[in-house]
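Asker: Before I ask anything, here is the structure I am working with.
Any read-out appearing in this document is the output of simple, stated calculations on the displayed coordinates, not a laboratory observation. Keep in mind that this is a model prediction, so the values were computed, not measured. Using ideal geometry, Cβ is built from the backbone for each residue, glycine included, and neighbour counts are taken over all protein chains shown.
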């Protein structure tokens, strides 16, 4: 996968990647059990194989089972996903995204979270000078 390319996953592929990122690794049976309204077991295995062929997953053998893990570090994948969300929903504006998270019902931040955000903003401000 290229450094700046963001994968276009189908809904099921995204769900599978989310499950595997959350657990670190998973078998086809574990993925199927975690999927909402799961397709057949053979369909899950086929999707895992496709994700592996696309370079998003790798596997290791544990007896008769394949255990799948992401090929990309979670931090890189989450950064890429966040960029896609910013572009898709906030016209690329980080400040608009933060405002959406902080305003309204979702914005009930604890004093600790507010202090952390203040520190992040201070650090970013000092770096931009």
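Asker: Given 0.36 nm per residue, what is the gain on full extension from residue 33 to residue 82 after removing their alpha carbon distance, in nm?
Answerer: 15.0 nm
Asker: Pop the C-beta distance of residue 46 and residue 22 into the FRET formula with R0 = 22 Å and round what comes out to the nearest 0.05. Mind showing how you got there, number by number?
Answerer: Working: r = 21 Å, r/R0 = 0.97.
Calculated transfer efficiency: 0.55.
Asker: Let me ask something else about it. What translational diffusion coefficient, in µm²/s and rounded to a whole number, does the Stokes-Einstein relation yield for the chain at 37 °C and a viscosity of 0.692 mPa s, taking the hydrodynamic radius as the Kirkwood radius over Cα pairs?
Answerer: After rounding, the answer is 191 µm²/s.
Asker: For region 32-102, what value does the Rg/Rh ratio take when both radii are computed over Cα atoms and Rh is the Kirkwood radius, given to two decimals?
Answerer: Rg/Rh for region 32-102 comes to 1.13.
Asker: Something else about it: Tell me the relative contact order for the chain as a rounded percent, counting alpha carbon contacts under 8 Å between residues six or more apart.
Answerer: Computed over the chain, the figure is 18 percent.
Asker: Relative to the first principal axis of the alpha-carbon coordinates of the chain, what is the inclination of helix 111-128, with its axis defined by its Cα atoms, in degrees from 0 to 90 and to the nearest 10?
Answerer: 80 degrees
Asker: For n ≥ 4 DSSP H runs only, could you compute -39500 (n - 2.57) per run for the chain, divide by its residues and tell me the 222 nm figure to the nearest 500?
Answerer: -18500 deg cm²/dmol
Asker: Mind giving me the nanometre distance, one decimal, between the label points for residue 103 and residue 69, set 7 Å out from Cα along Cα→Cβ?
Answerer: Each label point lies 7 Å from its Cα, and together they span 4.3 nm.
Asker: Taking the 0 to 90 degree range and rounding to the nearest ten, how far is the long axis of helix 74-89 tilted relative to the main principal axis of the chain, both from C-alpha atoms?
Answerer: Helix 74-89 sits at roughly 60 degrees to that axis.
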